[in-house]
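Beneath this line is the structure, given in structure tokens, with notes to follow.
Throughout, read-outs are computed from the coordinates displayed, never taken from laboratory work. Because the structure is predicted, anything quoted here is derived from the model rather than measured. Here the Cβ is made from the backbone with ideal geometry for all residues, glycine too, and neighbour counts use every protein chain on show.
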């Protein structure tokens, strides 16, 4: 009895001394979706995949691409859009636009993304693209730019059409780009908003049901089934989840997010502006230039994983003049010997040419002051 008490006290003392507590890992969940992907938004690393590259119908999750292309088109959100008759009367979800009605582009985007208005998507495309057909061509160019190799768009709203499809993997790449667009990220995280005479409530129930959910978009047609692209953020870690043809999509996303947050943590690998070394400079007022990471990088890593960073330089030395911010190489991050991400390396300061005729004493003074 006394020995048992001694060991209990010792165990308590060890815990109080700060020994790490092992976190229980969560098993990979079973999901109802025909295709599913769980991705780390910070690096694009896929943490879970089920038939991720199969081409499938994507329904209204299409509107994420429509919104991204529209917001990158240069049009102002406050612009007034006069509704063309051709954009009205679309089948399925609608915000009931009327021919000749004047609506702001902002209201159309909210109506398209929150209420999933198919007519709003046509209006956005027609206004921002000149014609709907020209806008759809831009959508396909953007897909190529993002590396969406299994995607093709035939319309801006996601109604079933020949050569209109994507994959879970590609839609996760699209979601990552959407989250990097501040205005789009703001819209898809909005639960409800009133603009003009219309009130829009988000169809994405995860915004209410799942702690940390920050968007993105629901979709459904009879042929596509239930489609869902969502994202959630906890403790500095942002995860993207995509399910296609998923009868229990809300449960699938909650289970995959729980799995991701239980088994992975946000680990900073590089900080923006972090000094990583120095490069010699020939012909400069100073002999070496500090090299810095142009961007920060935080990765989702399991407790067992360790990341490595290798620095790849364009040249072993620099030649003056060197402008501040000039790209000099890349930091390549690896996990499990596989490349995870690349971050540009840049000159941390300007290095003037020693033979530069202007500046005189003031130039020398500034160099050594810095």
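When 252, 353 are arranged by Cβ crowding within 10 Å, least crowded first, meaning fewest neighbours, the order is 353, 252. Take the Cα of residue 193, step 7 Å toward its Cβ, do the same at residue 134, and the gap between the two points is 2.6 nm.
Using the 2.2 N^0.38 Å rule of thumb for compact globular proteins, work out how segment 214-277 stacks up: its C-alpha Rg over that value, please. Before the final figure, lay out the partial values.
Details: Rg = 15.9 Å, N = 64, 2.2 N^0.38 = 10.7 Å.
Taking N as the residue count of segment 214-277, the ratio is 1.49.
Taking label points 7 Å from Cα along the Cα-to-Cβ direction, residue 186 and residue 30 give a separation of 4.5 nm. Of interest is the spacing of the C-alpha centroids, which for segment 26-56 and segment 292-357 amounts to 30 Å. Calculated mean residue ellipticity, 222 nm, the chain: -9000 deg cm²/dmol, from DSSP H runs (n ≥ 4) at -39500 (n - 2.57) each, averaged per residue and rounded to 500.
Once you reduce segment 102-170 and segment 179-237 to the center of their Cα atoms, the two points are 17 Å from each other.
What is the calculated FRET efficiency for residue 295 to residue 349, with r their C-beta to C-beta distance and R₀ = 22 Å, to the nearest 0.05?
On the way: r = 18 Å, r/R0 = 0.80.
My answer for the efficiency is 0.80.
Less than 18 Å from a label point 7 Å out along the Cα-to-Cβ axis of residue 326: which backbone N atoms in segment 251-287 qualify, by residue? The answer is 276-287, whose backbone nitrogens lie closer than 18 Å to the label point. Across segment 84-153, the convex hull enclosing all Cα atoms gives 97 Å³ per residue.
Which of rounded, prolate or oblate describes the chain when judged by the alpha-carbon gyration tensor and an a/c cut-off of 1.5? In terms of gyration-tensor shape, oblate.
Summary value for segment 183-252: 22 percent relative contact order, contacts being C-alpha pairs under 8 angstrom separated by 6+ residues.
A simple spin-label model places pseudo-atoms 7 Å from Cα toward Cβ; at residue 275 and residue 161 they are separated by 5.5 nm. Neighbour counts of other Cβ atoms within 10 Å put 189, 35 in the fewest-to-most order 189, 35.
Can you sort 253, 127, 203 so the residue with the fewest Cβ neighbours within 10 Å comes first? List each step's numbers first, then the result.
Details: 253 30, 127 23, 203 17.
Neighbour counts put them in this order, fewest first: 203, 127, 253.
Subtracting the Cα-Cα distance of residue 282 and residue 314 from their residue separation scaled by 0.36 nm leaves 10.0 nm. For a quick check, take a GNM of the chain with Cα springs below 10 Å and name the residue from 133, 222, 106 with the largest mean-square fluctuation. In this elastic network of the chain, the residue with the biggest mean-square fluctuation among 133, 222, 106 is 222. Only Cα pairs under 8 Å and 6+ residues apart enter the sum, and on that basis the relative contact order of the chain stands at 16 percent.
Could you grab the relative contact order for segment 85-200? Cα pairs under 8 Å, six or more apart, rounded to a whole percent. That works out to 21 percent.
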